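**Student:** Questions regarding the structure given below will be posed in turn.
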Amino acid sequence: MIVCPASPGAVSTNWNTTASTKYDTSLSSTRRNDWSGAVAVNPSMPVLVVDDHVTMTRIIHKLLQQLGFVSLDDANDGVAALAKMRANYYGLVISDWNMESMSGYELLLQIRSDPLLKETPFIMVTAESKTQHVVAAMKAGANNYIRKPFDALTLKSKIETVFAAVGRGPST
């Protein structure tokens, strides 16, 4: 179990306040690297994690590593993420919604309007539980949506769903 503060200095256990949340990063070894389902997911594909909270970025990296992913990069906002995406190939982007400079939603809109990036699979992650946020992200082109907190099995399921929907497992 990892404790993830929602904001610096947080002490409560409710994510929706200035809280810390427990993320279950444990995953049995028999399930963590098993990508043998209907859709082949290549865990060596580069994944970009976009979040302005370093602790959350670390948690997502740890979850992805437990799922067998080895090529991980990060950006602390949408502006930095867009610059990295224009310079490097990523097989998947996992982005927080709420960030300064450029939000995950704005990043998604930029990606979907760029002919070279528009096909990049994108998972939106947020603590927002409002239905209109989910609807807006999906209408903007998010391939999937995860509400915090989540565990490795949830992340794995969302990734599998994304690649089943796009009809391919990503290549390196």
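The values are calculated or read from the model by the stated rules, or taken from the named source; none is laboratory data. Just so we're clear, the structure is a prediction, and the values are computed from it rather than from any experiment. So basically every Cβ, Gly included, is an ideal-geometry build from the backbone, and we count neighbours across all protein chains shown.
**Student:** Can you say whether Phe150 is among the aromatic types (Phe, Trp, Tyr), closer than 15 Å to Val49 by Cβ and surrounded by 18 or more Cβ atoms within 10 Å (Cβ to Cβ), as far as the supplied structure shows?
**Tutor:** On the way: among the aromatic types (Phe, Trp, Tyr): yes; closer than 15 Å to Val49 by Cβ: yes; surrounded by 18 or more Cβ atoms within 10 Å (Cβ to Cβ): yes.
Spelling it out, Phe150 is indeed among the aromatic types (Phe, Trp, Tyr), closer than 15 Å to Val49 by Cβ and surrounded by 18 or more Cβ atoms within 10 Å (Cβ to Cβ).
**Student:** Now, a different point. Among the residues of region 141-169, count how many are farther than 21 Å from Asn98 by Cα and of a type in the set (Ser, Thr, Tyr).
**Tutor:** Number of matching residues: 2.
**Student:** Report every pair of residues separated by at least 6 positions or lying on different chains whose Cβ atoms are under 9 Å apart, first residue within region 143-158 and farther than 25 Å from Arg112 by Cβ, second part of a loop (DSSP other than H, G, I, E, B) and hydrophobic (A, V, I, L, M, F, W, C).
**Tutor:** Here the result reads Pro149/Trp15; Pro149/Ala127; Asp151/Leu27; Ala152/Leu27; Ala152/Leu67; Leu153/Leu27, each pair linking region 143-158 to a residue that is part of a loop (DSSP other than H, G, I, E, B) and hydrophobic (A, V, I, L, M, F, W, C).
**Student:** Considering region 41-55 alone, what residues qualify as being in contact (Cβ under 8 Å) with a residue 60 or more places away in the chain and surrounded by fewer than 22 Cβ atoms within 10 Å (Cβ to Cβ)? Walk me through it before giving the result.
**Tutor:** Residues of region 41-55 that are in contact (Cβ under 8 Å) with a residue 60 or more places away in the chain, as a first pass: 41-42, 44-46, 51.
Those that are in contact (Cβ under 8 Å) with a residue 60 or more places away in the chain and surrounded by fewer than 22 Cβ atoms within 10 Å (Cβ to Cβ): Asn42, Ser44, Met45, Pro46.
**Student:** Sticking with this structure for a sec: Tally the residues that are surrounded by 12 or more Cβ atoms within 10 Å (Cβ to Cβ) and over 8 Å from Gly78 (Cβ atoms), restricting the search to region 99-111.
**Tutor:** Step one: list which residues in region 99-111 are surrounded by 12 or more Cβ atoms within 10 Å (Cβ to Cβ), which gives 99, 101-111.
Still in the list and also over 8 Å from Gly78 (Cβ atoms): 105, 108-109, 111.
Qualifying residue count for the region: 4.
**Student:** Tally the residues that are touching a Leu at 6+ places or on another chain (Cβ under 9 Å) and at pLDDT 90 or above, restricting the search to region 155-172.
**Tutor:** Filtering region 155-172 down to residues touching a Leu at 6+ places or on another chain (Cβ under 9 Å) leaves 155-156, 159, 162-163, 170.
Subset that is at pLDDT 90 or above: 155-156, 159, 162-163.
Going through region 155-172 one residue at a time, the tally reaches 5.
**Student:** Any chance you could count how many residues in region 112-135 are touching a helix residue (DSSP H, G or I) at 6+ places or on another chain (Cβ under 7 Å), closer than 21 Å to Met45 by Cβ and surrounded by 19 or more Cβ atoms within 10 Å (Cβ to Cβ)?
**Tutor:** Number satisfying all stated conditions: 5.
**Student:** I'd like the full set of residues that are touching a residue at least 24 places away in the same chain (Cβ under 8 Å), surrounded by fewer than 17 Cβ atoms within 10 Å (Cβ to Cβ) and not in a strand (DSSP E or B), limited to region 59-83.
**Tutor:** Of everything in region 59-83, those that are touching a residue at least 24 places away in the same chain (Cβ under 8 Å), surrounded by fewer than 17 Cβ atoms within 10 Å (Cβ to Cβ) and not in a strand (DSSP E or B) turn out to be Lys62, Gly68, Val70, Ser71.
**Student:** Taking only region 42-58 into account, find how many residues are within 21 Å of Arg86 (Cα to Cα) and not in a helix (DSSP H, G or I). So that I can check it myself, show each step before the final result.
**Tutor:** Narrowing region 42-58 to residues within 21 Å of Arg86 (Cα to Cα): 44-52, 57.
When the remaining residues are screened for being not in a helix (DSSP H, G or I), the result is 44-52.
Number satisfying all stated conditions: 9.
**Student:** Go through region 120-172 and count every residue that is hydrophobic (A, V, I, L, M, F, W, C) and on the phi > 0 side of the Ramachandran plot. Break it down stepwise before answering.
**Tutor:** As a first pass, look at region 120-172 and keep what is hydrophobic (A, V, I, L, M, F, W, C): 122-125, 127, 134-138, 140, 142, 146, 150, 152-153, 155, 159, 162-166.
The next check asks that each one be on the phi > 0 side of the Ramachandran plot; those that pass are none.
Residues in region 120-172 being hydrophobic (A, V, I, L, M, F, W, C) and on the phi > 0 side of the Ramachandran plot: 0 in total.
**Student:** For region 122-147, which residues satisfy the criterion of being of a type in the set (Phe, Trp, Tyr) and within 17 Å of Leu82 (Cα to Cα)? Spell out how you get there, then give the answer.
**Tutor:** Of region 122-147, the ones of a type in the set (Phe, Trp, Tyr) are 122, 145.
Answer for region 122-147, where residues must be of a type in the set (Phe, Trp, Tyr) and within 17 Å of Leu82 (Cα to Cα): just Phe122.
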